[in-house]
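What follows is a set of notes on a single structure, which appears directly below.
Throughout, read-outs are computed from the coordinates displayed, never taken from laboratory work. In this text, all values refer to a predicted model and were calculated from it rather than measured experimentally. Here Cβ is always computed from backbone atoms with ideal geometry, including for glycine, and neighbour counts include all displayed protein chains.
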C-alpha cells in the first residue's frame with residue numbers, strides 16, 4: 001500500500017497531534033463541499049474533518065494510519081454530543097477551566113471501554129492542558145512557550161504582538177521589538193531539523209526533505225506576524241498563549257457547533273488508507289490530504305496519487321499542503337488533473353497555519 005510507506009518508519013503509538021495544525025478556512029474554500037458530496041479527509045485529531053462536515057456533505061470519511069489519532073476523533077465526536085459549546089472549549093483547552101476532570105468523566109462514559117482506558121492514562125495531562133494539549137506536537141510548542149520564548153520576549157511583548165494593528169504598525173513593531181538577535185538565534189536552534197524531530201514531529205517525517213526548517217520558519221513567521229493579522233490567528237494564539245481564548249479554529253466556532261453536532265451520523269472514522277477505500281469502490285468528490293505526500297518517496301507519492309485518482313469522481317477536488325518537500329501531481333498523471341492556480345494564489349496568502357510553504361489545489365479532469 002502506497003500510504004503505508006511512512007508507517008514502516010514512524011511511530012504510530014502516541015498522540016502526535018492533539019489538534020489539527022492546518023487552516024480549515026482555506027481548506028473549505030479549496031474543496032467547496034456541497035450537499036450530496038462524499039469527502040475523504042486525513043483524520044489527524046479530527047478538527048478539519050468536522051469543519052468539512054459543517055459544510056453539508058452527505059458523507060465524510062476520516063481516515064488515518066495511526067489508531068491513536070482516531071481515538072482523538074472519537075473523543076471530539078463525543079464532546080460534540082455531550083457538552084455545550086462552552087464546556088467543549090473548556091475540555092479542549094481553548095479556555096481556562098477548573099472542572100476538566102468532571103467534563104472528561106461525562107464524555108468518557110459514552111466511549112468504548114478501550115477508548116476509556118486510553119484517555120484515563122492521559123487524565124492528568126488533560127486536566128492541565130485540555131484534550132487539545134496532550135499531543136507530542138503541542139508539547140513541542142509548550143516547551144517553546146514556557147522554556148524558550150521567555151528568554152527572548154517578556155509577556156508584555158508577547159501580548160502586544162497579538163494586539164490588533166494596521167499592517168504598517170505590525171511591521172514597525174516586528175522590526176523594532178520582535179525580530180531581535182535572540183529571536184533569530186532561537187529560531188535556528190529550536191526549529192532545527194534535530195529539535196523538531198526530537199521534540200515535535202517524528203524524525204522519519206524528514207526522510208524525504210533536504211535542508212532544515214529553521215530558515216523557512218523564520219521567513220513564514222514574519223508572514224504570520226506582519227503580512228497577516230496575528231490578533232485573529234488561532235494557531236498563533238495557542239502557540240504563544242497555550243489557549244485559543246476567543247480566537248477559535250473553524251470547527252470550534254460557536255456558529256458551527258450545533259450544525260456539527262446534528263450531522264455526526266454522517267462521519268465515518270476508518271483505520272485505513274485511501275487505497276483501502278478505492279478497493280472498496282468508494283468514489284469521493286473531495287479529498288483533504290493534509291501533508292501526506294511530504295513523508296513519501298517520489299515512487300510512493302506516485303503510487304498514492306494514482307490510488308486517489310482511482311477513488312475520485314470526475315471533477316473531484318484535491319487539496320494538500322507542503323512544508324519542506326515539494327509535491328504536486330506526478331508528471332505521469334499531470335494530464336488527469338488541472339491545477340486551480342487562481343484559487344491557490346488567492347488562498348495561500350491567507351493561510352494562518354503559517355509554517356507550510358505551499359498549498360495545492362487540483363481537480364480531476
Practice problem: Over all directions, average the projected area of the Cα convex hull of region 259-316 and note it in nm². | Solution: 5.1 nm²
Quiz item: Given (i) 1.08; (ii) 0.98; (iii) 0.95 as candidate values of Rg/Rh (Cα atoms, Kirkwood Rh), which corresponds to the one derived from the coordinates?
Solution: (iii)
Quiz item: Thinking of region 25-91 as a set of Cα atoms, what percent of all their pairs are more than 16 Å apart?
Solution: 50 percent
Self-check item: Mean Cβ count within 10 Å, highest first, over the residues of peptides 147-155, 86-94
Solution: 86-94, 147-155
Quiz item: Of 99, 328, how do they rank once you tally other Cβ atoms within 10 Å and put the fewest first?
Solution: 99, 328
Quiz item: Given that compact globular proteins tend to follow 2.2 N^0.38 Å, what is the ratio of the alpha-carbon Rg of region 16-162 to that value?
Solution: 1.14
Practice problem: Within 10 Å, count the other beta carbons around each residue, average over each peptide in 354-365, 20-31, and list them highest first. | Solution: 20-31, 354-365
Practice problem: Compute the projected area of the convex hull of the Cα atoms of region 125-172, averaged over all viewing directions, and report it in nm² to one decimal place. | Solution: 4.6 nm²
Practice problem: Would you mind ranking 244, 166 so that the residue whose beta carbon has the fewest other beta carbons within 10 Å leads the list? | Solution: 166, 244
